[in-house]
1. Taking 0.36 nm per residue of separation and subtracting the Cα-Cα distance, what length does fully extending residue 58 through residue 348 add?
2. Hey, rough spin-label estimate for residue 265 and residue 4, points 7 angstrom out along Cα→Cβ, what's it come to in nanometres?
3. Run the quick spin-label model on residue 388 and residue 83: label points 7 Å from Cα toward the beta carbon, then report their separation in nm to one decimal.
4. With a/c under 1.5 counting as rounded, go ahead and sort the chain into rounded, prolate or oblate using the C-alpha gyration tensor (a ≥ b ≥ c being the square roots of the eigenvalues; past the cut-off, prolate if a/b is larger than b/c, else oblate).
5. If the chain between residue 300 and residue 280 were fully stretched, how many nm would it gain, using 0.36 nm times the residue separation less the Cα-Cα distance?
6. Could you tell me what percent of the DSSP beta bridges with both partners in the chain are antiparallel, to the nearest 5?
7. Let me check I've understood the local charge: for residue 214, count other residues with C-beta under 12 angstrom from its C-beta, Lys and Arg +1, Asp and Glu -1. What total comes out?
8. Given the options 324, 378, 151, state which has the largest fluctuation in a GNM of the chain using a 10 Å cut-off (strictly under) for Cα springs.
Amino acid sequence: MARLYREHLSVGRSVLGTVLGGMLETAADGAWIFTDDGRRYLDFGGYGVFILGHRHPAVTAAVHRQLDKHPLASRVFLEPVAARAAQALAARTPYGLDHVHFVNSGAEATETGLKLARAHGHTALVSTAGGYHGKTLGALSATANPKYQLPFRPLLPDSTVVPYGDADAMAPVLARLGDRACVIVEPVQGEGGVRVPPPGYLAEVGRLCRTYGAFLIVDEIQTGLGRLGTWWGMDGERVSPDVLLVGKGLSGGVVPVAAAVATAAAYRPFSRDPYLHTSTFAASPIACAAALAAVETLDREDIVGRAAALGDRLLADVRAVCAPYAGGLVREVRGRGLLIGLEFTADQAVGELILELVARGVLVNHSLNATRVLRLTPPAIAGEEEVRLFLAALAEALRVVAARVGPAPE
């Protein structure tokens, strides 16, 4: 299989797969992934997608029903599943965010938000250092990482990057740009290394946008739908964006789907002309069946409350496991809900730790915009067995890595 990857997919992925053991991922269920050699791996990674775990019964049943009935639409007639999924999602977004534009991925959701801003004349992009919004050309313009940007420059013109979590630094930029500005920001930076801003940051960004007439996009592709222990990361911040970006967990862990949810005023250009921004497979019946079932399951099973409780427990337990290495190998453990980051002092620590955890049957993620941060995004359905296994594996992996890359402090 590594040969097929080298010849037809990616040499780099072939090498990475070989380094990790060369196993083939063949099945998944709940918090577990299974490989062709009969082993199973606890999935505490998944890049934030699997808040419901893998193959949640309610979502898979809904997708099976839709698959057997009508998986793709003609796009000529009105399609009822998309309408019901949009209604369900809009019912759970903050007030005024009522118009849902379904797409196939988070990057496409970002593109939708940026194009809506441009349709209203907001052509000056303001993003934050460490932010991650996707790798398509428009989204990449807001993903302020030279590693990913340099090969594709020039990107969108008139783009400005400001420090994350610092509303005072954003104020003069918006004062200069005025109503040409489009601000895109995450409630917590995921790929940026699980960076949690100070309380009131989003509220102040929202106030600045209102003051200067800027268009505001809040990217909740990773943080929304319960990941932070609240429905939305911006809950409690009294912020009213023009567009909310949704993805990852909207799939239910079964079918890729994402969305941009906008106010009536922000969405007017696309509402007036439904062909202004389209995608062949966007809002497909099978994807919308997954999205509808995912939203309903989040509500019915109180996944948001479970994420909050499990997140509090895991953050405390992970900090306790890391405590012997604080001030040495481990710089900080931080997070909200089920988005937890472990920041290390050594460049190689994250890669070493990922390998050691894989060897112990646990999968986690690195952070694309923060190479020293290991990221945990476990499912809210994880039980006591899974938590105990993870903590034991983490403790042993830390002991091995600390001995290899530097001694633990006394």
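1. Working: separation 290, 0.36 × 290 = 104.40 nm, distance 4.06 nm.
Full extension from residue 58 to residue 348 adds 100.3 nm.
2. Here the modelled spin labels are 5.3 nm apart.
3. In this crude spin-label approximation the distance works out to 5.1 nm.
4. The shape class here is oblate.
5. Gain on stretching residue 300 to residue 280: 4.0 nm.
6. Numbers: 31 of 48 bridges.
Of all bridge pairs located within the chain, approximately 65 percent are antiparallel.
7. Taking every Cβ under 12 Å from that of residue 214, the sum is +2.
8. Answer for the Gaussian network model of the chain: 151.
The numbers here are math on the coordinates, done by the rules we state, and not lab data. Please read these numbers as outputs of a predicted model, since none were measured by experiment. Cβ: placed from backbone, ideal geometry, glycine included. Neighbour counts: every protein chain shown.
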